[in-house]
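Structure first, commentary second.
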Amino acid sequence: MTKKKTINIKDFLDDDTLDLSLCDLQDVPVKEIASVPKATNVDLSNNKFTVLGNNLAGLLTHLIKLDLSGNQLYELPDNFGLLVNLKHLDLYKNKLQTLPASFADLRSLRWLDLKENPLVPKMAQVAGTCLDQVECMAAARNVVRFMQVLQKELEEENARKEQERLERQMIEERKAQKKEQKQKRKKSRKNAAKAAQWAKSEAELNPNDIVEVEIVDPLPIAVDNSETKASFFGKIGATFSWIFKTLVMVSLLIALTLFVISLLDETLYRRCLKLLKTSSKTFGLSVPLQLSHLISYLYNLVVLVFSNVIQSTLFISQCSIRTAMDWYQLLCTNEFLLSLMRIMNDYFYIGYIKASELSSIYYQKLVVLIQSYVR
């Protein structure tokens with residue numbers, strides 16, 4: 001077992017720079033470095049580190065510049081993104097293949113060197129060659145941006161997996177509920193069968209247990225004549241009501257017919273009116289005088305009302321047609337309204353396409369859910 005090497009941190013401190021390079025260290029003295037908060041520039045290059053430990057990022061959040069080049073690091077801790085103040089990071093000549101997802105949180109990073117690391121092809125392409133100051137600055141910007149995209153995709157993938165897990169859990173719960181309900185129904189049928197068997201056995205009596213029952217003739221039922229009388233008067237009232245409704249409908253029909261004839265042919269209207277007056281006089285001789293006056297008054301009232309209603313309807317229709325024609329001419333000649341209608345038509349078409357795509361996606365998900373539920 002190798003003995004852990006101890007050093008005096010203050011011997012390597014110069015203003016805000018702590019130089020621990022070439023010290024043959026195997027473990028990062030995190031607590032010792034954290035005890036010197038003014039050391040914002042730490043050089044740990046050319047040691048024998050293979051891992052950093054999770055406490056480094058948690059205790060050294062004040063670091064601005066960190067040099068880890070020339071070590072044997074094969075990974076960075078998952079919480080490396082806690083170094084939110086880090087602006088300069090040197091990872092030259094290590095054994096890193098990829099970076100942790102929290103690397104996306106290093107929004108202050110302005111300089112990064114990842115040369116001579118066995119990075120995966122995509123990461124190596126994003127990091128670039130870092131041959132000068134400009135390329136290293138571009139590497140910091142591009143790698144952080146790339147890790148942010150990966151982090152977002154990872155979050156979406158985790159959310160999708162969580163949604164699928166919840167859907168599977170819901171399906172399993174439904175299956176369990178159906179199974180439980182099926183068992184309950186089976187148990188209830190079994191209990192019902194037992195109850196029926198018990199009732200059947202109880203119903204089987206011995207001949208000595210049969211009891212004679214005396215049959216009594218039913219009492220005569222008295223018929224209430226009041227209901228019969230009420231039914232008779234109800235029929236009479238319904239008959240008079242039907243006669244009155246028929247007379248009103250016939251009067252309205254005659255008035256409407258005369259009004260239409262007056263609009264089409266004035267001569268024919270006068271002839272019909274004369275014939276109607278003659279018939280009414282003949283009819284008036286056979287009915288009381290007061291009833292004749294009442295019928296005449298009702299007729300004149302119906303004719304007046306219908307004529308006013310039809311004239312008002314015709315006037316409103318003409319005004320509506322003129323207004324509609326004016327609006328139509330305005331829509332056809334106004335360039336602003338035409339352009340507005342084209343824009344609305346385009347937005348409607350785009351919305352229709354989006355709605356169709358969404359409905360197709362949700363329909364596919366619904367089909368998958370139904371199929372999984374049926375299985």
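Given the options S102, S35, S108, S69, name the one that is touching a Ser or Thr at 6+ places or on another chain (Cβ under 7 Å), in the same structural domain as A138 (by TED's automatic domain parsing) and hydroxyl-bearing (S, T, Y).
Numbers: S102 fails: touching a Ser or Thr at 6+ places or on another chain (Cβ under 7 Å); S35 fails: touching a Ser or Thr at 6+ places or on another chain (Cβ under 7 Å); S108 fails: touching a Ser or Thr at 6+ places or on another chain (Cβ under 7 Å).
Sole residue among the options that is touching a Ser or Thr at 6+ places or on another chain (Cβ under 7 Å), in the same structural domain as A138 (by TED's automatic domain parsing) and hydroxyl-bearing (S, T, Y): S69.
Just so you know, in the range 58-92 the residues that are closer than 17 Å to V126 by Cα and not hydrophobic (A, V, I, L, M, F, W, C) include one that is surrounded by the fewest Cβ atoms within 10 Å (Cβ to Cβ), and it is Y92.
Take the conditions (1) at pLDDT below 95; (2) crowded, with 17+ Cβ neighbours inside 10 Å; (3) not in a helix (DSSP H, G or I); Q151 misses just one of them, which is (3). Only one of the numbered conditions (1) free of Cβ contacts under 8 Å to residues at least 12 places away in the same chain; (2) in contact with a helix residue (DSSP H, G or I) (Cβ under 8 Å, 6 or more places away or on another chain) is not met by N8, and that is (2).
Filtered by the rule that a residue be over 13 Å from L89 (Cα atoms) and either touching a Phe, Trp or Tyr at 6+ places or on another chain (Cβ under 9 Å) or touching a residue at least 60 places away in the same chain (Cβ under 8 Å) (or both), the range 100-117 gives P100, S102, A104, D105, E116, N117.
The values are calculated or read from the model by the stated rules, or taken from the named source; none is laboratory data. Quick caveat, the model's predicted, so the values are computed rather than measured. Glycine also receives a Cβ, built like all others from the backbone with ideal geometry; neighbour counts cover every protein chain displayed.
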